[in-house]
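Colleague: Quick one: structure below, then a few questions.
The values are calculated or read from the model by the stated rules, or taken from the named source; none is laboratory data. Since we're looking at a predicted model, the values are computed, not measured. Note: ideal-geometry Cβ built from the backbone for every residue, glycine included; neighbour counts use all protein chains shown.
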Amino acid sequence: MGIIIKQSIKGSIWSYLGVIIGFVTTTYLYSQYLSTEVVGLFGLLAAYSALTGQLFLFGIQGVTSRLFPYFRNPENKHNGFLFIALLVIISGFLVFLVAYYFFKPIIVASNLEKSPLFAKYVFLLVPLTFFSMAFIFLENYNRLLYDAVTGTFYQEFIQRVLLFSILMAYSFSAINLHQLILFYATAICLKGLLIFITLAKRGEIGFKPNLSFLAPELGKEMLSVATYSVLVGMGSIFVFNIDKIFINQMLDLSNTGVYTIAFYFGTLVVIPSRPLLKISGTLIAEAWKQNDISQIKNIYYKSCLNQFIIGGFLFLGIWANIDNILTILGPAYLQSKWVIFFIGLGYLIDMSTGANGLIIAYSKYYKVALIFIVTMIVISTSLLYFLIPIWGITGAAIAIAIALLSNNLMRYLFLWHKFKLQPFNSKFLIVAGFYIGVYLVLKFIPQQPLIWDIVTRGGLITLFSGTFLTIIPVSTEIIQLWNKIRALI
């Protein structure tokens with residue numbers, strides 16, 4: 001677990017430096033200088049490019065995750081794996097261009113009235129899709145080279161620094177709205193180029209083919225995994241981006257903007273899990289290769305417990321300060337309160353089930369995940385269709401939370417039934433009881449001036465949690481981390 005802890009700490013540092021920058025960008029610059037329509041445009045472009053970027057990779061990212069260990073050979077440039085990947089990516093992007101040519105008029109026509117800004121800038125989906133494809137693949141490839149930090153650094157920190165800088169320039173009227181939107185797209189694209197340059201400098205980019213290594217059995221397995229990965233990967237991305245598309249089509253771009261900002265606060269809960277799961281996936285893949293069930297069980301349990309502790313802490317901090325957050329965002333975002341709650345709760349549930357999805361994905365039963373994904377798609381789209389007309393953007397948040405709950409429940413039951421893996425124990429109840437108790441204590445504190453109230457509530461949550469987690473040994477990893485911090489101080 002040492003490599004997991006080390007890279008998780010590094011990844012979390014960059015993530016939370018990015019969160020600080022992103023918090024200022026989202027809560028102040030977005031809400032003060034951008035209309036909800038522009039914010040909605042950004043959210044919609046991100047949603048569409050995530051969907052198309054995942055779809056037109058044709059499953060090569062899944063092949064990388066599952067089968068790259070068999071190609072791994074640094075001296076021989078990993079037996080021509082990147083040559084195969086390059087052919088797939090180029091083919092996928094060409095197919096995307098054809099699809100874009102035919103579907104662009106339909107997208108524009110359906111958005112001219114409700115979302116004219118999106119109709120005007122739909123062309124940005126072309127570069128956004130290409131660089132999304134590049135980053136998804138290269139970040140995955142880099143992670144399997146045991147580097148889970150660089151991708152996090154570019155996506156969570158560098159990208160947010162660029163967006164902050166662009167918004168600051170716009171706030172001082174150094175650039176106009178048209179330039180802002182173009183620079184926004186450039187900032188989103190840049191991480192794909194940066195990770196390519198990083199890998200090239202390390203000597204990890206080589207497109208020399210080695211087709212003799214590609215035995216018929218291995219080629220057949222790659223095709224099978226790719227087909228599966230397209231369906232599962234697309235399903236997963238679909239669920240977590242379709243909400244914005246539904247809101248835009250059923251309501252308008254302004255509501256999409258409000259939801260985008262609220263969604264950001266909800267997803268703050270899940271940020272620490274990203275570097276942890278990235279490196280955990282690599283170790284789980286190796287553990288399955290060696291059939292080391294004890295190692296998998298250890299990773300599963302610790303990922304669940306530690307993510308629940310961290311996610312619960314962040315969810316408590318957000319919800320205890322929800323009135324302060326709404327005050328900062330302003331009147332246009334008052335309807336985002338329960339969106340933040342349900343998205344945050346959904347992701348807390350997702351974090352609390354740890355690396356369950358990765359354990360299934362790298363096991364011999366990996367194809368069963370397709371059933372879970374299809375079920376989640378049916379649940380989420382059905383609920384979005386019925387709940388948005390009733391509760392608006394809050395209905396969309398409830399739909400996503402229920403989809404996350406159902407998906408993780410299916411994964412949990414499957415791992416328990418097939419491998420007798422059951423990570424939950426009394427420590428989870430102790431942690432949950434503690435956080436609920438802290439929230440109830442904070443309810444008795446009268447509302448104070450904005451900054452002082454945030455500092456007071458945040459300070460008390462940190463003080464109580466730090467004291468509790470160091471006195472009650474619910475997590476050895478948390479204790480170890482605290483000892484390291486204390487030694488540095």
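Colleague: Output the residue which, of all residues in the range 431-444 that are farther than 16 Å from G466 by Cβ and either β-branched (V, I, T) or in a helix (DSSP H, G or I) (or both), is modelled with the lowest pLDDT.
Modeller: K443
Colleague: Where in the range 58-126 are there helices (runs of 4 or more DSSP H), lying wholly inside it, with at least 3 residues that are within 17 Å of E204 (Cα to Cα)?
Modeller: 60-71, 81-111
Colleague: Determine, yes or no, whether Y362 is in contact with a Ser or Thr (Cβ under 9 Å, 6 or more places away or on another chain), buried (at least 18 other Cβ atoms within 10 Å of the Cβ) and in contact (Cβ under 8 Å) with a residue 24 or more places away in the chain.
Modeller: yes
Colleague: How many residues does the range 240-267 hold that are surrounded by fewer than 23 Cβ atoms within 10 Å (Cβ to Cβ), within 20 Å of L404 (Cβ to Cβ) and among the aliphatic types (A, V, I, L, M)?
Modeller: Number of matching residues: 2.
Colleague: Yes or no: the range 333-341 includes at least one residue that is more than 21 Å from the chain's Cα centre (by Cα) and within 20 Å of S65 (Cβ to Cβ).
Modeller: Scanning the range 333-341, I find no residue that is more than 21 Å from the chain's Cα centre (by Cα) and within 20 Å of S65 (Cβ to Cβ), so the answer is no.
Colleague: Looking at the structure I just gave you, is A85 in contact with a Ser or Thr (Cβ under 8 Å, 6 or more places away or on another chain), farther than 21 Å from V39 by Cβ, touching a residue at least 40 places away in the same chain (Cβ under 8 Å) and buried (at least 19 other Cβ atoms within 10 Å of the Cβ)?
Modeller: Spelling it out, A85 is indeed in contact with a Ser or Thr (Cβ under 8 Å, 6 or more places away or on another chain), farther than 21 Å from V39 by Cβ, touching a residue at least 40 places away in the same chain (Cβ under 8 Å) and buried (at least 19 other Cβ atoms within 10 Å of the Cβ).
Colleague: Right, here's the next one. If you go through the range 178-221, how many residues are modelled with pLDDT under 85 and assigned to a helix (DSSP H, G or I)?
Modeller: 9
Colleague: Which of the residues that make up the range 166-177 are in a helix (DSSP H, G or I) and either crowded, with 18+ Cβ neighbours inside 10 Å or in contact with a Phe, Trp or Tyr (Cβ under 9 Å, 6 or more places away or on another chain) (or both)?
Modeller: Result: I166, L167, A169, Y170, S171, L177.
Colleague: Right, something else. Has the range 151-161 got at least one residue that is in a helix (DSSP H, G or I), more than 17 Å from the chain's Cα centre (by Cα), without any contact (Cβ under 8 Å) to a residue 60 or more places away in the chain and more than 30 Å from E75 (Cα to Cα)?
Modeller: No, that holds for no residue.
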